[in-house]
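A.B. asks: This is the structure I want to talk about, given as structure tokens.
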Amino acid sequence: MDYLKAFVVGGIICVIGQILIDKTKLTSARILVLFVVCGCILGGLGWYQKLVEFAGAGASVPLFGFGNTLARGVMSEIDEAGVMGIFTGGLKAASGGITVAIVSAFVMACIFDPKEK
Amino acid sequence: MPKDITKEQYSDMVKKASPDSPVITNCIKAFFVGGIICTIGQLITNCCRIFGLSMEQSSNYTSIILVITASVLTGLGLYSKLGKFAGAGSIVPITGFSNSVTAPAIEFKKEGFILGLGAKIFIVAGPVILYGVLTSIAVGIVYYILS
Amino acid sequence: MAKHRGKQSMEFERSIAIVSASATVGTKEGEGPLREYFDVILTDNLCGQESWEKAESKIASDNLKLCINKAGLKPEDISYVVTGDLLNQCCGSTFGVRSLKIPFFGVFGACSTMGEAMGLSSVLIESGGAKYVLCGASSHFASAEKQFRFPMDLGTQRTPTATWTVTGDGAVLLAEKDEGPYIRRITTGKIMDMGITDANNMGAAMAPAAADAIYQHLSDFNFKPDHYDVIATGDLGYVGRELLIELLKNKGIDISKNHIDCGIEIFDRELQDTHSGGSGCACSAVTFSGMLYNKLRHKKIDRLLFVPTGALMSPTSVQQGESIAGIAHCVGIEN
């Protein structure tokens, strides 16, 4: 059942992105920014976490989830460390994803050359 | 001689002559590919749970595994083929973020490791991180005031 | 001496002949409908080089040498080389002609470069100050994508109005000779800007320039559209062609029967998934040096109006919200 929920919710979120791309001519870079910012706001409101609890990876894998992670990181850090958490919480929570992304990008760049489409 | 066409008139002509993107087919493709990527994510999460990891850790491992997989597929030149087919279906998941970091890193390495690879690695991911962090700070400030 | 005609045109007195032409293309173009016309079809679009930019220069260099060889000449026989490309500061051409040791004029007209180069080269010959002038234009799909759009490996979709930059180099050698085809007249285009800002719809940005240049050419010389067997625009693609025909109809000119577009000719839209068609400096350059020159030589076409079209912009100007300006140059070629 969690697989079906993940599939449907994840698919629907991607369709939102596709409609934005086709209807507004937004480039993929803008879509990524928009999704993270929206996810962060929805996360701050506490709404997105409810979707994550319902759909699991269907909500956490799309970039909304990345924004949600930033927001939740900030909020839980504030609970623990006070005002300093505003600055440290976000990236701390997202650090794993970002670090792995840049390290593996670096390794791939060392191994591979660009390929024509 | 007839009057010259104005920019507004021309803009209408262009709209008429330019075919629209096939939104419906694109959406179906995006739905399936995006859904499948999320389902794979769910599978990884569930496996982590079986090994006794917490929900937090499981979802971290899920992100990391997806990010590395997408990065390798990008290096092999396969992710751009997936992207051509799936559109937002492979842009919106975290794998798309990974692709947007690895693709410029590979493309710009010929311009050197510092100003080429090093600087250009963030051409797409940079704005994502910047505006994500800015929003999270705004969220944090509001949360701090309210709590 | 050349005569100034009408508003924007020039008619030549000397017999400025196209003595040889050569076209080198990449793998995708080599699978397209025009493959039999090309001199060289690459098997590797990197050409054994380490970057796309170096590959483009290598293609240009080899193709220019081929063009000289085909005329039975050596680089030292050539008075001037006039070439251009899409890369920043025309580096594709610079490093392409570096080893030739021929006096060099670098030109930029975006994808209209071949028309600009042929026009200026004709003027050089007409002036009597040059014997053989080599002109050409090059582009490379990957180097253009890298400079103007996104990295190769980024997973994005192309819109239906997007065009595919042609990989290759087209070159022609001009001299005063008694064997045609001859460049008889040119019309130099004005910059036309109808406010298009979508960098994925170049055809729409360039169609007004093509319409203006063709209209001006026909009226400067008092020609009817059927004076020419073929009117070949550069890289308007399917979207741009439709707009061009409509814009000219609005001025009372119908070219729908004898118009072709190099960007439409060079690829098979369905089989090769190239959306609106081909583009880039090499699009019109290789289609001319390959197919159109061949047909002129074999008298399948006697009168050709060659109208390369260019979209003038840079990544910076687009990011700053500038619209995309168009330009087109007419070159009248007859047997």
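A.B. asks: Keeping all protein chains in the complex and leaving out DNA, RNA and ligands, what accessible area do you get for C:Glu36 with a 1.4 Å probe, in Å² to the nearest 10?
C.D. replies: 150
A.B. asks: In square angstrom, rounded to the nearest 10, how much accessible surface does A:Asp22 have for a 1.4 Å probe?
C.D. replies: Per-residue accessible area (A:Asp22): approximately 20 Å².
A.B. asks: Determine the total buried accessible area between chain C and chain B, counting protein heavy atoms only with a 1.4 Å probe; round to the nearest 100 Å². Don't skip to the answer; put the middle values down first.
C.D. replies: Values: alone 13710 and 11210 Å², together 22060 Å².
Accessible area lost upon association: around 2900 Å².
A.B. asks: Which one of B:Ile36, B:Ser136, B:Leu78 has its Cα pushed farthest toward the positive end of the charge dipole of chain B, where Lys and Arg give +1 and Asp and Glu give -1 at the Cβ?
C.D. replies: B:Leu78
A.B. asks: Put simply, what bits of segment A:103-117 lose 30 Å² or more of accessible area when the other protein chains are there, versus the chain on its own (1.4 Å probe)?
C.D. replies: Those are A:Ser104, A:Ala105, A:Phe106, A:Met108, A:Ala109, A:Phe112, A:Asp113, A:Pro114, A:Lys115, A:Glu116, A:Lys117, which lose 30 Å² or more relative to the chain on its own.
A.B. asks: Can you pull the semi-axes for segment A:2-111, root of five times each eigenvalue of the Cα gyration tensor, sorted largest first, whole Å? Intermediate values should be presented prior to the final figure.
C.D. replies: Values: eigenvalues 112, 81, 43 Å².
Equivalent ellipsoid semi-axes, largest first: 24, 20, 15 Å.
A.B. asks: Taking the Cα centroid of segment C:121-146 and of segment A:35-110, what is the distance between the two, rounded to the nearest whole Å?
C.D. replies: The distance from the Cα centre of segment C:121-146 to that of segment A:35-110 comes to 54 Å.
A.B. asks: Roll a 1.4 Å probe over the protein heavy atoms and report the accessible area of A:Ile41 in Å², nearest 10.
C.D. replies: Number for this one is 80 Å².
A.B. asks: While we're on this one: Got a number for carbon plus sulfur as a percent of segment C:176-279's accessible area, 1.4 Å probe? Mind showing how you got there, number by number?
C.D. replies: Working: 1780 of 3840 Å².
The nonpolar share, carbon plus sulfur, comes to 46 percent.
A.B. asks: Taking the convex hull of the Cα atoms, report for segment B:1-134 its projected area averaged over all directions, in nm².
C.D. replies: Details: hull surface 54.4 nm².
Here the figure is 13.6 nm², rounded to one decimal.
A.B. asks: Share of segment C:40-95's accessible area from carbon and sulfur, percent, 1.4 Å?
C.D. replies: 52
A.B. asks: Build a GNM of chain C with springs between Cα atoms under 10 Å: which of C:Asp235, C:Asp85, C:Asp62 gets the top mean-square fluctuation?
C.D. replies: Ranking C:Asp235, C:Asp85, C:Asp62 by mean-square fluctuation puts C:Asp62 first.
A.B. asks: Which of the chymotrypsin sites (Phe, Trp or Tyr not before Pro) found in segment A:55-117 are in a DSSP loop and have at most 12 neighbouring Cβ atoms, other than their own, within 10 Å?
C.D. replies: Values: sites: A:Phe64, A:Phe66, A:Phe87, A:Phe106, A:Phe112; in loops: A:Phe112.
Sites meeting the loop and neighbour criteria: none at all.
A.B. asks: Chains A and B: how much accessible area gets covered up at their contact, both sides added, probe 1.4 Å, in Å² to the nearest hundred? Write down the numbers at each step before the final one.
C.D. replies: Numbers: alone 8360 and 11210 Å², together 14130 Å².
Protein heavy atoms only, the A-B interface buries about 5400 Å².
A.B. asks: Follow-up. In square angstrom, what is the accessible area per residue of the protein assembly as shown with a 1.4 angstrom probe? Walk me through the numbers on the way to the answer.
C.D. replies: Details: 24170 Å² over 599 residues.
That works out to 40 Å² for each residue.
A.B. asks: Related question: Would you rank C:Arg185, C:Arg241, C:Arg158 by solvent-accessible area, highest first, keeping every protein chain in place and using a 1.4 Å probe? Don't skip to the answer; put the middle values down first.
C.D. replies: Numbers: C:Arg185 15, C:Arg241 70, C:Arg158 45 Å².
These residues rank, largest area first, as C:Arg241, C:Arg158, C:Arg185.
A.B. asks: Same structure, new question: Take chain B, connect every pair of alpha-carbon atoms lying under 10 Å apart with a spring to form a Gaussian network, then pick out the residue of B:Lys29, B:Lys109, B:Lys16 with the largest mean-square fluctuation.
C.D. replies: Maximum among the listed residues: B:Lys16.
A.B. asks: Hey, got a sec? Which trypsin sites (Lys or Arg not before Pro) in segment C:297-335 land in a DSSP loop and have at most 12 other Cβ atoms within 10 Å? Present the calculation step by step, with values, prior to reporting the outcome.
C.D. replies: Working: sites: C:Arg297, C:Lys299, C:Lys300, C:Arg303; in loops: C:Lys299, C:Lys300.
When the trypsin sites (Lys or Arg not before Pro) of segment C:297-335 are filtered for loop state and at most 12 Cβ neighbours within 10 Å, C:Lys299, C:Lys300 remain.
A.B. asks: In a Debye calculation with equal point scatterers on the alpha-carbon sites of the protein assembly as shown and no solvent, what is log10 I(q)/I(0) at q = 0.07, 0.11, 0.12 Å⁻¹?
C.D. replies: Normalising to I(0) and taking log10 leaves -0.48, -0.97, -1.08.
A.B. asks: Which percentage, to the nearest 5, of the DSSP beta bridges contained in the protein assembly as shown is antiparallel? Mind showing how you got there, number by number?
C.D. replies: Details: 39 of 59 bridges.
Percent antiparallel among DSSP bridges in the protein assembly as shown is about 65.
A.B. asks: Using a Gaussian network model of chain C with C-alpha springs under 10 Å, which one of C:Ile301, C:Ile264, C:Ile214 is most mobile by mean-square fluctuation?
C.D. replies: Comparing C:Ile301, C:Ile264, C:Ile214 in the GNM, the peak value goes to C:Ile301.
A.B. asks: To the nearest 500 deg cm²/dmol, what mean residue ellipticity at 222 nm is calculated for the protein assembly as shown from DSSP H runs of n ≥ 4 alone, each contributing -39,500 (n - 2.57), summed and divided by the residues? Present the calculation step by step, with values, prior to reporting the outcome.
C.D. replies: Values: 25 runs with 317 residues, N = 599.
The helix contribution divided over the protein assembly as shown gives -16500 deg cm²/dmol.
A.B. asks: Right, something else. Taking 50 Å² as the minimum loss, tell me which residues in segment C:129-158 lose that much accessible area going from the chain by itself to the full protein complex (1.4 Å probe).
C.D. replies: C:Lys146, C:Phe150, C:Pro151, C:Met152, C:Asp153, C:Leu154, C:Gly155, C:Thr156, C:Gln157
A.B. asks: Pick out, from C:Phe267, C:Ile186, C:Phe306, the residue whose Cα sits farthest towards the positive end of the charge dipole of chain C, with +1 on the Cβ of Lys and Arg and -1 on the Cβ of Asp and Glu.
C.D. replies: So the residue furthest toward the plus end is C:Ile186.
A.B. asks: Given charges of +1 on the Cβ of Lys and Arg and -1 on the Cβ of Asp and Glu, with all other atoms neutral, how large is the dipole of the protein assembly as shown about its Cα centre, in debye to the nearest 20?
C.D. replies: 160
A.B. asks: Counting only protein heavy atoms and using a 1.4 Å probe, what share of the accessible area of chain B belongs to carbon plus sulfur, as a whole percent? Provide the component values of the computation, followed by the final result.
C.D. replies: Values: 5080 of 7160 Å².
Roughly 71 percent of what the probe reaches on chain B is carbon or sulfur.
A.B. asks: Lys and Arg at +1, Asp and Glu at -1: add these up for the other residues within a Cβ distance under 15 Å of A:Arg72 and post the number.
C.D. replies: Working: positive: A:Lys50, A:Lys92; negative: A:Glu53, A:Glu77, A:Asp79, A:Glu80, B:Glu56.
Cβ neighbours under 15 Å give a net charge of -3.
A.B. asks: Less than 13 Å Cβ to Cβ from A:Ala57, Lys/Arg counted +1 and Asp/Glu -1: what total charge do the surrounding residues give? Walk me through the intermediate numbers first.
C.D. replies: On the way: positive: A:Lys5, B:Arg49; negative: A:Asp2, A:Glu53.
Result for the local shell: 0.
A.B. asks: I've got another one for you. By accessible area of protein heavy atoms, probe 1.4 Å, what ranking do A:Tyr3, B:Tyr61, A:Tyr48 get, highest first?
C.D. replies: B:Tyr61, A:Tyr3, A:Tyr48
A.B. asks: Along the charge dipole of the protein assembly as shown, Cβ charges K/R +1 and D/E -1, which of B:Cys47, A:Gly17, C:Thr167 sits furthest on the positive end?
C.D. replies: A:Gly17
The values are calculated or read from the model by the stated rules, or taken from the named source; none is laboratory data. Owing to the predicted nature of the structure, the values given are computational and were not obtained by experimental measurement. Here Cβ is always computed from backbone atoms with ideal geometry, including for glycine, and neighbour counts include all displayed protein chains. Side chains included, ligands, DNA and RNA excluded: accessible areas come from the protein's heavy atoms. Shrake-Rupley method; radii C 1.70, N 1.55, O 1.52, S 1.80 Å.
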